[in-house]
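Undergrad: Take a look at this one; I'll ask things after.
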Amino acid sequence: MGISYIVQKEYINTNSTTPFQGEIYRKLIHYSSASISIGYLFIQKEIVLLVLGILLLLMFLVEFIKYKSNFIYDLYLKNFKHMLREHEYDRNRFRINGASWVIFAAIFCIILFPKLIAVTGLLMLSFADSTSALAGRLFGKKQYAPNRSYVGSITFFVVGLFVMFLAPKYFYTVTEYSIVLIAVIATTVADGLSLPIDDNFTIPVVCCSVLYLLYILFYPGIVF
């Protein structure tokens, strides 16, 4: 069977083919990804990257075997189909699943950004994205764009604001909280645009990028 590798955005919307109970299971796993951020606060960077790197390789291996082996594929569907997006069990193309994108985003942010910024961006993904997806499925009947509802985006902003205001800070000043507010707005807008790359990657990367640039702008000479 030929396999083509593509980047596929994982859409979360009111028209999702995933049963709502399965959506809840997905989001519980998503919420649990906060353990990466919390662990990174207390564990050495190199150790965190090593663990995440091994985990990502194992996940890729499972995905590859799943698409090559009929037995593994059938076993996978039997146990997890109720949690999957349609594209995640399409054997015509190999696609990176949402969980793999979360791990990849964590590795990317931890390598590229200072610790507190990386932690904040990843917490946004764990809580704001997950909660907004569930709210959108339950109440987001009115959409402003394909796969995006007003309820979902408002929930994303409110939860994101709550998470980022509680996240660790460098100075705890009015200026720093203003930076946080701008970053939440920017990340909410980015999420609402339905960018062509999976939002498990774009959300933390956009959040971290905006935070990093604003810290440099408002705190020249800052030592992270």
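The values are calculated or read from the model by the stated rules, or taken from the named source; none is laboratory data. What you see is a predicted model; the values in this text were computed from it and never measured. Note that each Cβ is placed from the backbone with ideal geometry, even for glycine, and that neighbours are counted across all protein chains shown.
Undergrad: Looking at region 35-49, I want the residues that are in contact (Cβ under 8 Å) with a residue 40 or more places away in the chain and have a partner that is of a type in the set (Ser, Thr, Tyr) and assigned to a helix (DSSP H, G or I) with Cβ atoms under 6 Å, at least 6 apart or on another chain. Which pairs are those?
TA: What qualifies is 48/40.
Undergrad: Ok, one more. Confirm whether residue 51 is of a type in the set (A, V, I, L, M, F, W, C), in a helix (DSSP H, G or I) and either more than 19 Å from residue 201 (Cα to Cα) or at pLDDT below 80 (or both). Before you say what the answer is, go through the steps one by one.
TA: Values: of a type in the set (A, V, I, L, M, F, W, C): yes; in a helix (DSSP H, G or I): yes; either more than 19 Å from residue 201 (Cα to Cα) or at pLDDT below 80 (or both): no.
It is false that residue 51 is of a type in the set (A, V, I, L, M, F, W, C), in a helix (DSSP H, G or I) and either more than 19 Å from residue 201 (Cα to Cα) or at pLDDT below 80 (or both).
Undergrad: Would you mind stating whether residue 144 is on the phi < 0 side of the Ramachandran plot, surrounded by 13 or more Cβ atoms within 10 Å (Cβ to Cβ), more than 17 Å from the chain's Cα centre (by Cα) and of a type outside the set (Gly, Ala, Ser)? Let's see the steps before the verdict.
TA: Numbers: on the phi < 0 side of the Ramachandran plot: yes; surrounded by 13 or more Cβ atoms within 10 Å (Cβ to Cβ): no; more than 17 Å from the chain's Cα centre (by Cα): yes; of a type outside the set (Gly, Ala, Ser): yes.
Taking the combined requirement at face value, the residue does not satisfy it.
Undergrad: Shifting gears a bit: Within region 103-149, take every residue that is among the hydroxyl-bearing types (Ser, Thr, Tyr) and either in contact with a strand residue (DSSP E or B) (Cβ under 6 Å, 6 or more places away or on another chain) or not in a helix (DSSP H, G or I) (or both) and give me the one that is modelled with the lowest pLDDT. Break it down stepwise before answering.
TA: Residues of region 103-149 among the hydroxyl-bearing types (Ser, Thr, Tyr): 120, 126, 130-132, 144, 149.
Now narrow it down to the ones that are either in contact with a strand residue (DSSP E or B) (Cβ under 6 Å, 6 or more places away or on another chain) or not in a helix (DSSP H, G or I) (or both): 144, 149.
Details: 144: 83, 149: 89.
Taking the candidates together, the pick is 144.
Undergrad: Determine, yes or no, whether residue 159 is within 16 Å of the chain's Cα centre (by Cα), farther than 21 Å from residue 29 by Cα and either of a type in the set (Lys, Arg) or outside any loop (DSSP other than H, G, I, E, B) (or both). Write out each step before concluding.
TA: Working: within 16 Å of the chain's Cα centre (by Cα): yes; farther than 21 Å from residue 29 by Cα: no; either of a type in the set (Lys, Arg) or outside any loop (DSSP other than H, G, I, E, B) (or both): yes.
Criteria not met by residue 159.
Listed here are the residues, each with its yes/no results for (1) buried (at least 16 other Cβ atoms within 10 Å of the Cβ); (2) hydroxyl-bearing (Ser, Thr, Tyr); (3) at pLDDT 75 or above; (4) in contact with a Leu (Cβ under 6 Å, 6 or more places away or on another chain).
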residue	(1), (2), (3), (4)
30	yes, no, yes, no
56	yes, no, yes, no
59	yes, no, yes, no
64	no, no, yes, no
69	no, yes, yes, no
75	no, no, yes, no
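Undergrad: Scan region 198-224 and report the pairs whose first residue is more than 17 Å from residue 122 (Cα to Cα) and in contact (Cβ under 8 Å) with a residue 40 or more places away in the chain and whose second residue is part of a loop (DSSP other than H, G, I, E, B) and among the aliphatic types (A, V, I, L, M), with Cβ atoms within less than 8 Å and a gap of 6+ or a chain change.
TA: Listed by first residue and then by second, the contacts come to 215/222.
Undergrad: Which number in (1) in contact with an Asp or Glu (Cβ under 6 Å, 6 or more places away or on another chain); (2) closer than 24 Å to residue 26 by Cα marks the one condition that residue 139 misses?
TA: Every listed condition holds for residue 139 apart from (1).
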